[in-house]
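Just below is one structure, and these are the notes that go with it.
The values are calculated or read from the model by the stated rules, or taken from the named source; none is laboratory data. None of these values were measured; they are calculated from a predicted model. No Cβ is skipped: glycine too gets one built from the backbone with ideal geometry, and neighbour counts run over all protein chains shown. With ligands, DNA and RNA removed, areas are computed over all heavy atoms of the protein, side chains included. Shrake-Rupley method; radii C 1.70, N 1.55, O 1.52, S 1.80 Å.
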Amino acid sequence: MIVLVTGANGQVGWELCRRAQPPGLTVHGFDHAQMDITRPKQTAETIARYHPDLVVNAAAYTNVDQAETNTQQAFSVNQDGPAILATCCAELDIPLIHLSTDYVFDGSAVTPYRQDDALSPLGIYGHSKAAGEEEVRDRLHRHIILRTSWVYGIHGHNFVKTMLKFGATRDTLRVVNDQFGCPTSAGDIADTVLAIATHVSSWETPIWGTYHYCGQGIITWFDFAEEIFRIAKRLGYAGTPTVDAIPTSEYPTKTTRPVFSALDCSRLLEVFQLPQKPWQESLGQVLKELLSDD
Ligand code: NDP
């Protein structure tokens, strides 16, 4: 089985490409330069050339604040790109796994969002991702939309790496303590995507549609930062910053984030028997790799 991955140099795309491939499964990754999903001809030609059994779209415009001013680019990558991919996949009868985000929700819920809850994004990024989901649903029956949240990993920019960088030089870090969500390691997302891919032979059954996957546990960014430094110190990290909890009002950003964006992942467990991994366990694995000398 051949799997074609877009956005191969992003956090999740990179993990998809470096993971041990399950038996019988070959992953071909394409980064932005090799395959720009907003270019219909290049996208169609690449997919036709490799004729994969599955396409995974890990490409996205993910800068939440810059999306407020780069609106056109955000919609181009997050709406038009998935539309182009879904059209190509429909023409060649290839299924598509498309990644999406907790930011399609407004954060007013008090229990984890289910995959069929109404979308109500707060900013341009969330709107563009919600529009991309809709394009995929409209154009391709054999799709899986996998929403995730608070992604971090070895490769690329993320909260964990920012904390380690600033923690090495600053005495105090101020981190918001009133936004609740679920940190998710890019490696765990990649494992989940590949596990779904191995079900391809039984894809006659009605498994298509929208799913959620995130790390297990609902915390704030402040909790996350504290745990990062607790584990990092155990692994020999030299920084010893004090982490101060602050309200979001003291850390203004261009776009409003959802106050609560935990995702209910029960459908993934029911249909694919794929459980969530506890967030501390995954964080420990990523920190171990980030802080190793190799
Ligand atoms: P990254 O930003 O790490 O990676 C996205 C990749 O997409 C980058 O390598 C980027 O390349 C590439 N890309 C951008 N535009 C195009 C394009 N037109 N054609 C092809 N590739 C392009 O994202 P993540 O790995 O963190 O995110 C993966 C998925 O998870 C996305 O769908 C995202 O919306 C979702 N998600 C992410 C969260 C997070 O916290 N990061 C939270 C929730 C969901 P380049 O940099 O060269 O432009």
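Taken over region 136-180, the criterion of being farther than 24 Å from Gln276 by Cβ and in a strand (DSSP E or B) is satisfied by Thr172, Leu173, Arg174. On the given criteria, is Ser120 out of contact with any Lys or Arg (no Cβ under 9 Å at 6 or more places or on another chain), among the small types (Gly, Ala, Ser) and surrounded by fewer than 17 Cβ atoms within 10 Å (Cβ to Cβ)? So Ser120 passes the test.
Condition check ((1) acidic (Asp, Glu); (2) crowded, with 21+ Cβ neighbours inside 10 Å; (3) within 11 Å of the ligand (Cβ to nearest atom); (4) modelled with pLDDT under 95) across all residues:
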residue: Thr87; (1), (2), (3), (4): no, no, no, no
residue: Ser100; (1), (2), (3), (4): no, yes, yes, no
residue: Asp106; (1), (2), (3), (4): yes, no, no, no
residue: Tyr113; (1), (2), (3), (4): no, yes, no, no
residue: Ser128; (1), (2), (3), (4): no, yes, yes, no
residue: Asp138; (1), (2), (3), (4): yes, no, no, no
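Of all the numbered requirements in (1) within 13 Å of the ligand (Cβ to nearest atom); (2) farther than 20 Å from Tyr213 by Cβ; (3) surrounded by 19 or more Cβ atoms within 10 Å (Cβ to Cβ), Val64 misses one, and that requirement is (2). State whether one or more residues within region 40-48 are free of Cβ contacts under 8 Å to residues at least 24 places away in the same chain and within 10 Å of the ligand (Cβ to nearest atom). Yes: one or more hits.
Is at least one residue of region 67-79 open to solvent by less than 10 Å² (accessible area, probe 1.4 Å), at negative phi and among the polar types (S, T, N, Q)? Taking every residue of region 67-79 in turn, at least one turns out to be open to solvent by less than 10 Å² (accessible area, probe 1.4 Å), at negative phi and among the polar types (S, T, N, Q). The number of residues in region 140-164 that are more than 18 Å from Gly187 (Cα to Cα), aliphatic (A, V, I, L, M) and surrounded by fewer than 20 Cβ atoms within 10 Å (Cβ to Cβ) comes to 1.
Within region 183-190, is there a residue that is of a type outside the set (Asp, Glu), within 17 Å of Ala67 (Cβ to Cβ), surrounded by 24 or more Cβ atoms within 10 Å (Cβ to Cβ) and within 16 Å of the ligand (Cβ to nearest atom)? Among the residues of region 183-190, not one is of a type outside the set (Asp, Glu), within 17 Å of Ala67 (Cβ to Cβ), surrounded by 24 or more Cβ atoms within 10 Å (Cβ to Cβ) and within 16 Å of the ligand (Cβ to nearest atom), which makes the answer no. Tell me which residues, restricted to region 43-61, are crowded, with 21+ Cβ neighbours inside 10 Å and either within 15 Å of Ile144 (Cα to Cα) or under 18 Å from the mean Cα position of the chain (by Cα) (or both). If the condition is that a residue be crowded, with 21+ Cβ neighbours inside 10 Å and either within 15 Å of Ile144 (Cα to Cα) or under 18 Å from the mean Cα position of the chain (by Cα) (or both), then Leu54, Val55, Val56, Asn57, Ala58, Ala59, Ala60, Tyr61 are the ones that fit. Hey, does region 167-175 have a residue that's open to solvent by 10 Å² or more (accessible area, probe 1.4 Å) and within 27 Å of Phe75 (Cβ to Cβ)? The answer is no, given that none of the residues of region 167-175 is open to solvent by 10 Å² or more (accessible area, probe 1.4 Å) and within 27 Å of Phe75 (Cβ to Cβ). Scanning region 231-251 for residues that are open to solvent by 60 Å² or more (accessible area, probe 1.4 Å), assigned to a helix (DSSP H, G or I) and closer than 18 Å to Ser292 by Cβ returns Lys233, Arg234. With respect to the stated conditions, Lys254 is in contact with a helix residue (DSSP H, G or I) (Cβ under 6 Å, 6 or more places away or on another chain) and either open to solvent by 40 Å² or more (accessible area, probe 1.4 Å) or part of a strand (DSSP E or B) (or both).
Within region 276-294, the set of residues being surrounded by 12 or more Cβ atoms within 10 Å (Cβ to Cβ) and assigned to a loop (DSSP other than H, G, I, E, B) comprises Gln276, Lys277. Would region 25-38 turn up any residue that is within 13 Å of the ligand (Cβ to nearest atom), open to solvent by less than 10 Å² (accessible area, probe 1.4 Å) and at pLDDT 95 or above? Yes, region 25-38 contains at least one residue that is within 13 Å of the ligand (Cβ to nearest atom), open to solvent by less than 10 Å² (accessible area, probe 1.4 Å) and at pLDDT 95 or above. Among residues of region 5-32 that are within 17 Å of Asp188 (Cβ to Cβ) and in contact (Cβ under 8 Å) with a residue 40 or more places away in the chain, those with a beta-carbon under 6 Å from a residue that is more than 9 Å from the ligand (Cβ to nearest atom) and of a type in the set (Ser, Thr, Tyr) at least six positions away or on a different chain give the pairs Pro22/Thr198. Ile2 meets each of the listed conditions (1) touching a Pro at 6+ places or on another chain (Cβ under 6 Å); (2) open to solvent by less than 40 Å² (accessible area, probe 1.4 Å) apart from (2).
Among the residues in region 40-53, are any modelled with pLDDT of 95 or more and closer than 22 Å to Cys214 by Cβ? No, region 40-53 contains no residue that is modelled with pLDDT of 95 or more and closer than 22 Å to Cys214 by Cβ.
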